[in-house]
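Beneath this line is the structure, given in structure tokens, with notes to follow.
The values are calculated or read from the model by the stated rules, or taken from the named source; none is laboratory data. Keep in mind it's a predicted model, so treat the numbers as computed, not measured. Positions of Cβ are generated from backbone atoms using ideal geometry, with glycine treated the same way; all protein chains shown enter the neighbour counts. Side chains are part of the model used for accessible areas, which takes the heavy atoms of the whole protein and leaves out ligands, DNA and RNA. Shrake-Rupley method; radii C 1.70, N 1.55, O 1.52, S 1.80 Å.
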Amino acid sequence: MSTTTMIVGGSAGLGLAVARQRVERGDHVIVTSRCEQRADRAAQQLPGPARGVGLELTEPRSFADALSEINRIDRLVLAATERGGAALPELNVDEATRVVTAKLVGYLELTRLLRPRFSAEASVVLFGGTAKDRPEPRSTLTTVTTQAVSGMVRTLASQLAPHRVNAIHPGAVGDSPRWASTPEPPGLARTPIGRLVTTAEVVHAVEFLLTNTGINAQDLHLDGGVTIT
Ligand SMILES: NC(=O)c1ccc[n+]([C@@H]2O[C@H](COP(=O)([O-])OP(=O)(O)OC[C@H]3O[C@@H](n4cnc5c(N)ncnc54)[C@H](OP(=O)(O)O)[C@@H]3O)[C@@H](O)[C@H]2O)c1
């Protein structure tokens, strides 16, 4: 039986790149988007068996219906994020509620609902980011939610055992849609490797976390060393 990998937030950016790599290695892939048509379009552009699911992370009570046709999960990648870019003085309560609900309540509720469908070897990777340890002026919500990803890894690895749960915390990914057209992405000048990390490096690290059977309950920083500067 082929491996089934679900990538929540697999319709674009890093999640889509992970989806492509998993399809190329022979997995059956499920990609999600807020919009079912966009999820289907993303699935259709993948070079192998894939399907799309519409899932709005800010509405956790809708998940059970959205997931009703998913029977088995071998790999779960939680990559989706709502963007919120305010410094504290401009905090918008509606935006903050969306961001926190999507990343925290959303990731937890999805994992709770999918857990009974995990195969014996199933493993989970959550996306955080280096804003966790290096706040930027406008990263209030991102810093809070990426810190919380570390907490989720610990409690989930404990409660889902023997399933493995890890997080990847990328720095700004230079060739991702988020930063590709930004002249001075955050961290570029001070990254010890002299450049930003790439999408291919993120995909490689996610593959490691998903498949290395000894790594568990870890936060992997993939940032070219920017956290020491
Ligand atoms: N790119 C970077 O440099 C970078 C750096 C550090 C950390 N990260 C983290 O890596 C992950 C992926 O980032 P990315 O840059 O690849 O993001 P992206 O290109 O903006 O893609 C985000 C994905 O999340 C989905 N999504 C957004 N809001 C959603 C919602 N409310 N409900 C359900 N799905 C939703 C999007 O789907 P639709 O738009 O189709 O609905 C899309 O599939 C994120 O967790 C991000 O914080 C990225």
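Here is a list of conditions, (1) touching a His at 6+ places or on another chain (Cβ under 9 Å); (2) outside any helix (DSSP H, G or I), and Thr146 meets all of them except one; can you say which number that is?
Against the list (1) touching a His at 6+ places or on another chain (Cβ under 9 Å); (2) outside any helix (DSSP H, G or I), Thr146 comes up short only on (2).
Output the number of residues of segment 1-13 satisfying the condition of being of a type outside the set (Gly, Ala, Ser) and buried (at least 24 other Cβ atoms within 10 Å of the Cβ).
Of the residues in that region, 4 qualify.
Give me a count of the residues in segment 77-92 that are within 20 Å of Met1 (Cα to Cα) and surrounded by fewer than 19 Cβ atoms within 10 Å (Cβ to Cβ). Please lay out each step first, then the result.
Filtering segment 77-92 for residues within 20 Å of Met1 (Cα to Cα) gives 77.
Checking which are surrounded by fewer than 19 Cβ atoms within 10 Å (Cβ to Cβ) leaves us with none.
Matching residues across segment 77-92 total 0.
Within segment 46-76, take every residue that is among the small types (Gly, Ala, Ser) and either open to solvent by less than 10 Å² (accessible area, probe 1.4 Å) or in a strand (DSSP E or B) (or both) and give me the one that is farthest from the ligand (Cβ to nearest atom).
Ala50
Suppose we filter Pro135, Pro192, Pro162 for residues that are assigned to a loop (DSSP other than H, G, I, E, B) and modelled with pLDDT under 95; which single one remains?
Pro135
Quick one: Ala43 ticks every box in (1) of a type in the set (Gly, Ala, Ser); (2) surrounded by fewer than 22 Cβ atoms within 10 Å (Cβ to Cβ); (3) over 21 Å from Trp179 (Cβ atoms) except a single one, so which number is it?
(2)
Mind listing whichever residues of segment 165-189 are open to solvent by 20 Å² or more (accessible area, probe 1.4 Å) and away from the ligand (no atom under 12 Å from the Cβ)?
Hits for segment 165-189 are Ser181, Pro183, Glu184, Ala189.
Scan segment 14-40 for residues that are within 12 Å of the ligand (Cβ to nearest atom), buried (at least 19 other Cβ atoms within 10 Å of the Cβ) and part of a helix (DSSP H, G or I) and jot them down.
Residues of segment 14-40 that are within 12 Å of the ligand (Cβ to nearest atom), as a first pass: 14-19, 31-40.
Okay, now just the ones that are also buried (at least 19 other Cβ atoms within 10 Å of the Cβ), so 14-19, 31-33, 39.
Within segment 14-40, Leu14, Gly15, Leu16, Ala17, Val18, Ala19, Ala39 meet the criteria.
Against the condition open to solvent by less than 10 Å² (accessible area, probe 1.4 Å) and in contact (Cβ under 8 Å) with a residue 12 or more places away in the chain, how does His221 come out, does it pass?
When the stated conditions are applied, His221 does not pass them.
Considering only segment 77-88, I want to know if a residue exists there that is in a loop (DSSP other than H, G, I, E, B), farther than 26 Å from Arg25 by Cβ and near the ligand (Cβ under 10 Å from one of its atoms).
Yes, some residue in segment 77-88 is in a loop (DSSP other than H, G, I, E, B), farther than 26 Å from Arg25 by Cβ and near the ligand (Cβ under 10 Å from one of its atoms).
Quick grid of which residues meet (1) touching a residue at least 12 places away in the same chain (Cβ under 8 Å); (2) surrounded by 18 or more Cβ atoms within 10 Å (Cβ to Cβ); (3) away from the ligand (no atom under 12 Å from the Cβ):
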| site | (1), (2), (3) |
| --- | --- |
| Leu110 | yes, yes, no |
| Leu114 | yes, yes, yes |
| Ala122 | yes, yes, yes |
| Arg138 | yes, no, yes |
| Thr142 | yes, yes, no |
